[in-house]
Amino acid sequence: MSADRRTEGNVRHVGNRSRMTRRRLVAGSLGVIALGGVGTESAAHPMATPAVQSSGPGKTREYFISAEEIDWDYAPSGMDMITGERLEDEPEAAVFTKPGPDRIGRVYRKAQYQAFTDETFATRVPVTSAWEHLGIMGPVIRAEVGDTILVHFRNRTTFDASMHPHGVRYDKANEGALYADGTSGTDKLDDAVKPGDTYTYTWEVPDRSGPGPADLSSMIWMYHSHTHEIPDTYAGLVGPLIIARQGAADADAVPTDIDREFVTLFSVFDENSSSYLAENLKRIGSNLSTVDLDDEFTESNLMHSINGYVYGNLPGLTMKVGERVRWYVVGMGNEVDLHTPHWHGETLTWMGMRMDMIELLPMSMRTLDMVPDEPGTWLYHCHVNDHMIAGMQALYTVNA
Ligand SMILES: [Cu+2]
């Protein structure tokens, strides 16, 4: 079946702190980002409504996206929304979220891709309630097979950055990745966009970039900065790219056989390796030469998050009974980033199989469908014990 739906679609430990030794990757400082949403308020219409040139198959979808520096709060409520306790009252949660001498706490300088309305980069495309759950991620970039995507990227961070897409078709001038690939001149300009500069990426969406025979009517790829990939992505420069099968989408490239979409990113953001480590240390009156870079400090900066939120702070995962809900679930990070997202209360289908969890490795990209039939507020969490304790938990709500 092509465009039709073949799908239909806790736990909390208070253990000791014997967490596994994690690698310290105290990288230097590099830098960068933010979130952008767009589009109509309709639940099915995500992001930035791109400027569309021409009509019919083969539209050109034009986006204006900048990398912005922001202060990001991993737990804006100050609460563990799973237990109802204050984070500071929970020893396990306080490890990651409580600021103090030589502890950054829960607010970090980060970078985020944000969508703007035009080439002036003056007016941000509003993030609608349907997409506030994207959190630290950049705006959804959308296309239908046959389209061309134009992204005007402005780097408003203090470090070189880029946009590197997965899955779509690009040449060497549009790959957005810096490495010794034998290219030179204009083929290098996309690799590292300087602070203040703008670069336009052109990405094509041929058949091989869209849903395959066993895929649903749409699928997800990721885009991220790949100038200094590790510090760039830990800084926050990552976002979703959703491609619909030709003929299976509306004028905005939104699949017509679903009612709602969610994108969730499971990643242990290693703030020790972010472009902003030095900046974050400076803010607590410390620096790389004076801070005690011991295991406890390193541990405190491993933010076990879903879309950049910990301990149930992820907002906006709200739907209704009977809706056709598509979940795009992705992973990112290091060897600790083996995640097993688990939905309480409902089931999903993936690749024609029924499940209530899915396995993720770094940069895994999965598309699942759900038709919720049991109302309630349900736990949605990584099932890896260590990750649960460290805050990789969220809630989603199914309204009757
Ligand atoms: Cu996990």
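The values are calculated or read from the model by the stated rules, or taken from the named source; none is laboratory data. These numbers come from a predicted model, not from an experiment. Here the Cβ is made from the backbone with ideal geometry for all residues, glycine too, and neighbour counts use every protein chain on show.
Listing for the model above:
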{"quantity": "Qualifying residues in the stretch 301-326 (those that are within 16 Å of the ligand (Cβ to nearest atom), among the hydrophobic types (A, V, I, L, M, F, W, C) and in a strand (DSSP E or B)) - the one nearest to residue 215 (Cα to Cα)", "calculated": "306"}
{"quantity": "Test: residue in the stretch 171-179 that is farther than 30 Å from residue 249 by Cβ and either at pLDDT 95 or above or outside any helix (DSSP H, G or I) (or both)", "calculated": "yes"}
{"quantity": "Failed item in (1) in contact with a helix residue (DSSP H, G or I) (Cβ under 9 Å, 6 or more places away or on another chain); (2) away from the ligand (no atom under 16 Å from the Cβ), with residue 284 passing the rest", "calculated": "(1)"}
{"quantity": "Residue list for the stretch 325-347, filter: crowded, with 19+ Cβ neighbours inside 10 Å and among the β-branched types (Val, Ile, Thr)", "calculated": "325, 329, 330, 336"}
{"quantity": "Among the residues listed as 379, 361, 314, the single one being surrounded by fewer than 18 Cβ atoms within 10 Å (Cβ to Cβ) and at pLDDT 95 or above", "calculated": "361"}
{"quantity": "Single unsatisfied condition, residue 351 versus (1) out of contact with any Gly (no Cβ under 7 Å at 6 or more places or on another chain); (2) surrounded by fewer than 19 Cβ atoms within 10 Å (Cβ to Cβ); (3) modelled with pLDDT of 95 or more", "calculated": "(3)"}
{"quantity": "So residue 286, is it in contact with a Phe, Trp or Tyr (Cβ under 7 Å, 6 or more places away or on another chain) and either assigned to a loop (DSSP other than H, G, I, E, B) or at pLDDT 95 or above (or both)", "calculated": "no"}
{"quantity": "Condition broken by residue 368, with the remaining ones in (1) touching a strand residue (DSSP E or B) at 6+ places or on another chain (Cβ under 7 Å); (2) of a type in the set (A, V, I, L, M, F, W, C); (3) within 13 Å of the ligand (Cβ to nearest atom) satisfied", "calculated": "(3)"}
{"quantity": "Residue check, residue 298 hydroxyl-bearing (Ser, Thr, Tyr), in a strand (DSSP E or B) and more than 11 Å from the ligand (Cβ to nearest atom)", "calculated": "no"}
{"quantity": "From the options 308, 322, 391, residue that is surrounded by fewer than 22 Cβ atoms within 10 Å (Cβ to Cβ) and at positive phi", "calculated": "322"}
{"quantity": "Strands (runs of 3 or more DSSP E) contained in the stretch 190-274 and holding at least 1 residues out of contact with any Gly (no Cβ under 7 Å at 6 or more places or on another chain) and within 16 Å of the ligand (Cβ to nearest atom)", "calculated": "260-270"}
{"quantity": "Residues (in a strand (DSSP E or B) and surrounded by fewer than 21 Cβ atoms within 10 Å (Cβ to Cβ)) located in the stretch 104-133", "calculated": "107, 124"}
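Rundown of residues vs (1) modelled with pLDDT of 95 or more; (2) of a type outside the set (Ser, Thr, Tyr); (3) under 14 Å from the mean Cα position of the chain (by Cα), yes/no style:
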{"position": "255", "(1), (2), (3)": "yes, yes, no"}
{"position": "308", "(1), (2), (3)": "yes, yes, yes"}
{"position": "328", "(1), (2), (3)": "yes, no, yes"}
{"position": "336", "(1), (2), (3)": "yes, yes, no"}
